[in-house]
Amino acid sequence: MWNGKTLSVILPTYNERDSIAETIYQFEALGIVDDIVVVNNNAAAGTSEAVASTNAREILESRQGYGAAIQRGMREVDSDLICICEPDGTFNPEDLLKILAFTPECDFVLGSRTVSTFIWEGANMGWFLQWGNWAVAKIIEVLFNTSYLSDVGCTFRVVSRDWAAAILAGSTVDGSAYGLEMLLLAVQRKARIVQIPVNYHPRVGRSAVTGNLGTTVGLGVEMLHMVLSTRLRRAVRLPAD
């Protein structure tokens, strides 16, 4: 429990067999997490055994994709605050403390990996990913008149229970772009949002998304299309609002 509020952590897993147990231990060590849920949708062999060595509970999800895992996780928890994080070794679980510091005033607190001071040597955040995420974030700022944003791909975030339910109600994306869909749904519904820098480390193992340039570019194009099409749909509806 943190500041009188219950707290759950959702960890989606697909290719994090070698890092997930350590990530869970680090979240447990904070002494404030009430529930850790690992959502396994066809994860690498040995992942379930690694999770079983911890106090986390594992949920099996038949739908594939990052978005499918996060949506299932949010449906499985009933806490006041919900933390979402990838268990691949890229994030510091201790950074949850500075994310939580903003939750009394904000509905949705997102991490940012694009501040150079917090990018560790060897992390997969070269200039293309760094500036690409920053550029799409600025497009959202301008098109939707949001608070300051600097990263659309960071998967370390905390959302309140009520806003998690509102986001779930509008969710449609099962794949890697779901983190952006969460942000856009919150922006459209006028959630109080803030983004803060978090530490970003080299990944344990190889990413199925950012480990391949072609896949990374494809995801970037998908994200940009999602932003522009969302804004266009909103503009079309405005006269009838």
Worksheet entry | Selection status of Gly132, within 18 Å of the chain's Cα centre (by Cα), within 13 Å of Leu183 (Cα to Cα) and outside any strand (DSSP E or B) | no
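Quick grid of which residues meet (1) out of contact with any strand residue (DSSP E or B) (no Cβ under 7 Å at 6 or more places or on another chain); (2) on the phi < 0 side of the Ramachandran plot; (3) buried (at least 22 other Cβ atoms within 10 Å of the Cβ):
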site: Gly4; (1), (2), (3): yes, no, no
site: Leu7; (1), (2), (3): no, yes, yes
site: Glu49; (1), (2), (3): yes, yes, no
site: Glu58; (1), (2), (3): no, yes, no
site: Leu81; (1), (2), (3): no, yes, yes
site: Pro93; (1), (2), (3): yes, yes, no
site: Glu105; (1), (2), (3): yes, yes, no
site: Trp120; (1), (2), (3): no, yes, no
Worksheet item: Does region 152-164 include one or more residues that are within 15 Å of Ala186 (Cα to Cα), surrounded by 17 or more Cβ atoms within 10 Å (Cβ to Cβ), among the small types (Gly, Ala, Ser) and modelled with pLDDT of 95 or more?
Response: yes
Worksheet item: Only one residue in Ser62, Ser79 is in contact with a Leu (Cβ under 7 Å, 6 or more places away or on another chain), of a type in the set (S, T, N, Q) and assigned to a loop (DSSP other than H, G, I, E, B), so which one is that?
Response: Ser79
Practice prompt. Out of Leu100, Leu30, Leu96, Leu81, report the one residue that is under 20 Å from Gly153 (Cβ atoms), touching a residue at least 40 places away in the same chain (Cβ under 8 Å) and not β-branched (Val, Ile, Thr).
Written response: Leu96
Practice prompt. Could you grab me the full set of residues in region 203-229 that are in contact with an Asp or Glu (Cβ under 8 Å, 6 or more places away or on another chain), modelled with pLDDT of 75 or more and either closer than 25 Å to Val142 by Cβ or surrounded by fewer than 19 Cβ atoms within 10 Å (Cβ to Cβ) (or both)?
Written response: Val204, Met226
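The values are calculated or read from the model by the stated rules, or taken from the named source; none is laboratory data. Quantities reported herein were computed from a predicted structural model and do not represent experimental measurements. Please note: Cβ atoms are built from the backbone with ideal geometry, for glycine as well, and neighbour counts cover all protein chains shown.
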